[in-house]
Amino acid sequence: MDSTIEVSQAVALRIQELLKAKNITRYKLAQKSCLSHDTIKSIMKNKAKGVTLKTIILLAEGFGMTAAEFLDSPLFDRDNFDI
């Protein structure tokens, strides 16, 4: 991949992907993950400064999966990031 993305962008894309796949709303995800709707909205609009591991774990739990399953996506391939 020629262009790189930020981790927060990859998380936002993964959330979008899973919301569609699991047919749930951001509001429902906020409830299930114990995160505020504003936090999820901030991530989705790429306004979050950074996404912590704690947030990823809570998001994963909201989707009914482990953090490893949440991160098991080509979005998180090393080549997508400027490391």
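Each reported figure results from applying straightforward, stated rules to the coordinates on display, with no laboratory input. All figures in this text were calculated on a predicted structure; none of them were measured in a lab. Here the Cβ is made from the backbone with ideal geometry for all residues, glycine too, and neighbour counts use every protein chain on show.
Can you give the convex hull volume of the alpha carbon atoms of the chain per residue, in Å³? Display every interim value, and only then the final one.
Working: hull volume 7.5 nm³, N = 83.
Output value, Cα hull per residue: 90 Å³.
Find how much the distance from residue 17 to residue 67 grows on full extension, using 0.36 nm per residue of separation minus their present alpha carbon separation; answer in nm with one decimal. Each step should come with its number before you reach the end.
Values: separation 50, 0.36 × 50 = 18.00 nm, distance 1.52 nm.
Length difference between fully extended and current span is 16.5 nm.
Can you tell which of 29, 58, 18 shows the greatest fluctuation in a Gaussian network model of the chain with Cα springs below 10 Å?
Among 29, 58, 18, the largest mean-square fluctuation in the Gaussian network model of the chain belongs to 18.
For a protection proxy built on the mean count of beta-carbon atoms within 10 angstrom, sort 74-80, 6-12 highest first, please. Mind dumping the intermediate values first?
On the way: 74-80: 11.9, 6-12: 18.7.
The densest-packed peptide leads the list: 6-12, 74-80.
How much net charge surrounds residue 29 when only other residues with a Cβ under 14 Å from its Cβ are counted (Lys, Arg +1; Asp, Glu -1)?
Numbers: positive: 14, 20, 22, 26, 28, 32, 41; negative: 17, 38, 61.
Local net charge: +4.
Over the chain, how many pairs of lysines fall under 21 Å by alpha carbon, counting only those 8 or more apart in sequence or from different chains?
Count of close lysine pairs: 17.
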